[in-house]
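For reference, the structure discussed in these notes is given below.
The values are calculated or read from the model by the stated rules, or taken from the named source; none is laboratory data. Here the structure is a predicted model, which is why all the values come from computation and not from measurement. Here the Cβ positions follow ideal geometry from the backbone for every residue, glycine too, while neighbour counts run over all protein chains shown.
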Amino acid sequence: MVSIIIFSIIALSIFIFTVVNLIKKNNSNYFFALIPEFIGIIINFICIFFSAEPNIVLLLIMYFLNVIIPIIILILEKNEINLSELFGIAKANYYEKKNQYDLVKKQLLKNINQFPNHYLSHKKLAEWYEKNGELEKAETEYLKIIELKPKKYENYYSLAVIYNKDKKQEQAIEILKEVLKQKSDYLDASLCLGNILYETEMYKEAINVFQDALKYNPGEYKLYYYMGMTYTRLNDFQNAKEYYKRAATINSTLNAAKLNLGQISLIFRDYEEAEKYFMECIENDDEEIQAEAYYYLSKIKLINNESNLAIQYANIALEIEPSLIEKMEKDIYFAQILGKLKTRENKPIKTKLKLEEKELINYLDNTYGVVQTLTSNNETKDRRSQEKERDY
């Protein structure tokens, strides 16, 4: 009976504590705690009434109801989490799964009216606004949750992402710089800041951000890839090539980097190396990368006077992406085989390439065109100069 007496003292003390806090704080968590506590006390009195010693299983159940659950409630209160609020968020999640979006918003606003300074409901509402494109309202909610929990840096990052979506790049840059001052190893913040700087053509600043991030994340292939992209925009193709190689070494499936490497090899007129990279790209399941790789393979074959293979590769490229015919028609190399190509109706293609990656492919293609023109002009000048010297 000793265990019953000890339990009775503990259970009654916790029960009284719960009742006092329910009255004092008017927190519904304590109401939810009273129910299991009351059940545990009833079981305890039954054991006392029948003078029965509870077995280990029953004793564990009683301690769970009267001790463990109240401890959980105290932890929830300390973290400003209310069970009623959690039930409300669960209902909002249920409505979202059922595509009842009006009810989602209504339930979350109801939660916030009931718990105006609770983090979870504001966080969920901020995410909901962001997901549904209500960016200004999302900004307001993120500012609120930052006020509630200023040490949660992921919320600053989320706010910066929304600022960027809302074309408020200056505010996004400012907030990300502040985050990185406090948490310099925050990879997502570094990637986001570097990309915003890249998009706003602040390439040297982007390089500095990516280099700082590499100190803490030397194995992150995205950093090397974005460094490659940024150096490409600075026309520093040698450095771009090195960083693309590192990215592709860490992540062998990163065929966008290999495609860029192939294009840079073309700029350096290293056709053998370019062909190697493009051949690796055709194994990829991204149709746009495949089509571009076949296009460049065709161009290399034309440069090497292998017209039959050039026609074969060009037709495969057009089968995957028929719109490439426009690029071929503008390219002087393809003039000799245009009549042997099979044009098709345009169709949508499967690709995971981001807009900036597509723009970079076009940028490198245009750069190669400029380099070829300059090279041809210089070769023509040299040839004419040699002819004049010979004539003289």
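For segment 182-203, the count of residues that are surrounded by fewer than 22 Cβ atoms within 10 Å (Cβ to Cβ), touching a Phe, Trp or Tyr at 6+ places or on another chain (Cβ under 8 Å) and either among the small types (Gly, Ala, Ser) or at positive phi (or both) is nonzero.
Close Cβ contacts (under 8 Å, 6 or more residues apart or on different chains) running from residues in segment 143-166 that are closer than 20 Å to residue 193 by Cβ to residues that are among the hydroxyl-bearing types (Ser, Thr, Tyr) and crowded, with 18+ Cβ neighbours inside 10 Å comprise 146/156; 153/186; 155/142; 157/186; 158/142; 159/142; 162/142. In the list 275, 329, which residue meets the criterion of being of a type outside the set (A, V, I, L, M), more than 30 Å from the chain's Cα centre (by Cα), surrounded by 15 or more Cβ atoms within 10 Å (Cβ to Cβ) and within 22 Å of residue 372 (Cα to Cα)? After applying the criteria, what remains is 275. Only one of the numbered conditions (1) surrounded by fewer than 19 Cβ atoms within 10 Å (Cβ to Cβ); (2) over 27 Å from the mean Cα position of the chain (by Cα); (3) part of a helix (DSSP H, G or I) is violated by residue 280, and that is (2).
For segment 199-213, a residue qualifies if it is assigned to a helix (DSSP H, G or I) and modelled with pLDDT of 95 or more, and the qualifying residues are 203, 204, 205, 206, 207, 208, 209, 210, 211, 212, 213. Restricting attention to segment 124-137, does a residue exist that is in a helix (DSSP H, G or I), buried (at least 22 other Cβ atoms within 10 Å of the Cβ), more than 19 Å from the chain's Cα centre (by Cα) and acidic (Asp, Glu)? No: segment 124-137 contains no residue that is in a helix (DSSP H, G or I), buried (at least 22 other Cβ atoms within 10 Å of the Cβ), more than 19 Å from the chain's Cα centre (by Cα) and acidic (Asp, Glu). Looking at the structure I just gave you, is residue 172 small (Gly, Ala, Ser), over 30 Å from residue 366 (Cα atoms), buried (at least 16 other Cβ atoms within 10 Å of the Cβ) and touching a helix residue (DSSP H, G or I) at 6+ places or on another chain (Cβ under 8 Å)? Criteria met by residue 172. Within segment 138-169, the set of residues being within 20 Å of residue 121 (Cβ to Cβ), in contact with a helix residue (DSSP H, G or I) (Cβ under 6 Å, 6 or more places away or on another chain) and not in a helix (DSSP H, G or I) comprises 149 only. Among residues of segment 102-123 that are of a type in the set (D, E, K, R), those with a Cβ under 7 angstrom from a residue that is surrounded by 14 or more Cβ atoms within 10 Å (Cβ to Cβ) and at pLDDT below 85, sequence gap 6+ or separate chain, pair up as 110/88.
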